[in-house]
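Quick notes on the structure that follows.
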Amino acid sequence: MDPLTVEWLNLALRWTHVITGIAWIGSSFYFMWLDAHLVRADPPHPTVEGHIWLVHSGGFYITEKRKLAAGQVPPDLHWFKWEAFYTLVTGLLLLGVVYYAAAGTFMVDSSKANFLPWQAIAIGVATLVVGWLVYDGLWMSPLARHQGWLTAFCCLLLAGVVWGLGQVFSGRAAYMHTGALMGVIMAVNVWMRILPAQAAMIAATQTGTPVDWSLGEKAKHRSVHNNYMTLPVVFVMLSSHYPSTYGHPHGWAILIGLFAVGAIVRHWFNLRARGRDNPLLIPAAIFGGALLATYAGLGGRDVGSGGPPVAFAEVRKVIDTRCVACHSARPTNPAFDAAPKNIKLDTPAEIRAQALPIKAQAVVSRVMPLGNLTEMTDAERDLLGRWVNQGAKVE
Ligand code: HEC
């Protein structure tokens, strides 16, 4: 497909994905907050469980949480479901446009496993499908009665997925598929487990038959899972900006660590909403983040300013053989019709202008060359690092 078309397709999908994602997470945060802040009626009211007064953009609002008597379901009940649906659909399409359409470049890392593009795609899709089936099967099984143990087991399984994908895919594709799996679980939870429970509750209320609360109980588990997954998933959405995470030799460990940090922060919010502030959680999350940053730094390969002076001619040769196939006004790699991210390394001035990004991408985190398709050596990376540290001179 023509690169401009691909770029604008990517733009439209990503924009929509972020908008619907914000709407979904925003409404879910709002309802969590609302439930926690409702004020009970005094004296108690038979059908009003609680209410709250709000002020927002030029108006006062009163919101009530009610029990409905038999036959009393209002005709125009609003559901919050399309946010999750469109976030899922745009997310999957984006996965297709960014990763599957160029699987050979974006998913395969030949230093890990030499898959053909279709094999990489098959593993990616299978991860999403099998991941959902295993998760859902476990929570539908009698094991779900042991909520704590099953939660711990699922966290271990997820860590296993992060590790496993990290062994076979490029760092970015491994991160994105973990995030996509969690996104799939969250959205399908809404559509297959939470909404049907609500529909059954409504139907029972309408006909005046007894409500099966066990459905609501199961749906509640899924809502709690979704709640703890939100912050980790949002990190994955942003992760491709941070090569020191996905490009680290143990990128999987860093992702598990960041997931833990996200879940701790979410837990702090949840406790706080119930009036049980835990003053240790946020410092723990910050401390965890600092440890991860230190670990990310240790994995990176920096090179000192020592060593013999590097001649620009040597640098140029390395860039010409390892980078210019893609990063050129006229790339020779057939996967690219234009320089990726508009980073061109054809002339000395262009190379000099990119000195710091070159170091970040090809020396410290080593995520470039993409999938090491051009087989850059360690000695060449050291050479580029020393050149930048010595002031990135071009004559
Ligand atoms: C096989 C093609 C290919 C090769 C070879 C390659 N790159 Fe890249 N590079 C890409 C693509 C694709 C992107 C855009 C990634 C994205 O969308 O985030 C990129 C992005 C970059 C960026 C910008 C990163 C950012 O997120 O801002 C830098 C800097 C970079 N490459 C440097 C290099 C250097 C230095 C080399 C050689 C050592 C190199 N690349 C070799 C394909 C390649």
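The values are calculated or read from the model by the stated rules, or taken from the named source; none is laboratory data. The structure presented is a predicted model; accordingly, all values stated were derived computationally and were not measured. Positions of Cβ are backbone-derived with ideal geometry, glycine not excepted, and every protein chain shown enters the neighbour counts. SASA here: full protein model, heavy atoms, side chains in, ligands and nucleic acids out. Shrake-Rupley method; radii C 1.70, N 1.55, O 1.52, S 1.80 Å.
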Would it be correct to say that residue 69 is open to solvent by less than 70 Å² (accessible area, probe 1.4 Å) and assigned by TED's automatic domain parsing to the domain that holds residue 235? no
Within the group 6, 18, which residue is under 30 Å from residue 335 (Cβ atoms), modelled with pLDDT of 95 or more, open to solvent by less than 80 Å² (accessible area, probe 1.4 Å) and under 28 Å from the mean Cα position of the chain (by Cα)? 18
In the set 175, 135, the lone residue that is hydroxyl-bearing (Ser, Thr, Tyr), over 29 Å from residue 365 (Cα atoms) and modelled with pLDDT of 95 or more is 135
Any chance segment 299-311 includes a residue that's away from the ligand (no atom under 11 Å from the Cβ), in a helix (DSSP H, G or I) and open to solvent by less than 50 Å² (accessible area, probe 1.4 Å)? yes
Do any residues in segment 333-357 that are within 14 Å of residue 388 (Cα to Cα) have Cβ atoms under 7 Å from those of residues that are near the ligand (Cβ under 9 Å from one of its atoms), where the two are at least six apart or on different chains, and which pairs are they? 351/319; 351/345; 354/343; 354/345
Find the residue count for segment 99-118, including only residues that are within 13 Å of residue 180 (Cα to Cα) and of a type in the set (A, V, I, L, M, F, W, C). 0
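Residues checked against (1) part of a loop (DSSP other than H, G, I, E, B); (2) within 17 Å of the chain's Cα centre (by Cα); (3) in contact (Cβ under 8 Å) with a residue 40 or more places away in the chain:
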position: 77; (1), (2), (3): yes, no, yes
position: 90; (1), (2), (3): no, yes, yes
position: 93; (1), (2), (3): no, yes, yes
position: 97; (1), (2), (3): no, yes, yes
position: 113; (1), (2), (3): yes, no, yes
position: 134; (1), (2), (3): no, no, no
position: 138; (1), (2), (3): no, no, no
position: 160; (1), (2), (3): no, yes, no
Could you say which residue among 36, 12, 41 is within 27 Å of residue 186 (Cβ to Cβ), free of Cβ contacts under 8 Å to residues at least 12 places away in the same chain, surrounded by 12 or more Cβ atoms within 10 Å (Cβ to Cβ) and not basic (Lys, Arg)? 12
From the list 84, 103, 126, which one is outside any loop (DSSP other than H, G, I, E, B), surrounded by fewer than 15 Cβ atoms within 10 Å (Cβ to Cβ), among the small types (Gly, Ala, Ser) and in the same structural domain as residue 173 (by TED's automatic domain parsing)? 126
Meets criteria (farther than 30 Å from residue 3 by Cβ, assigned to a helix (DSSP H, G or I) and at pLDDT below 90) for residue 296: yes
Among the listed residues 238, 255, 271, 281, identify the single one that is within 16 Å of the ligand (Cβ to nearest atom) and outside the structural domain of residue 371 (by TED's automatic domain parsing). 238
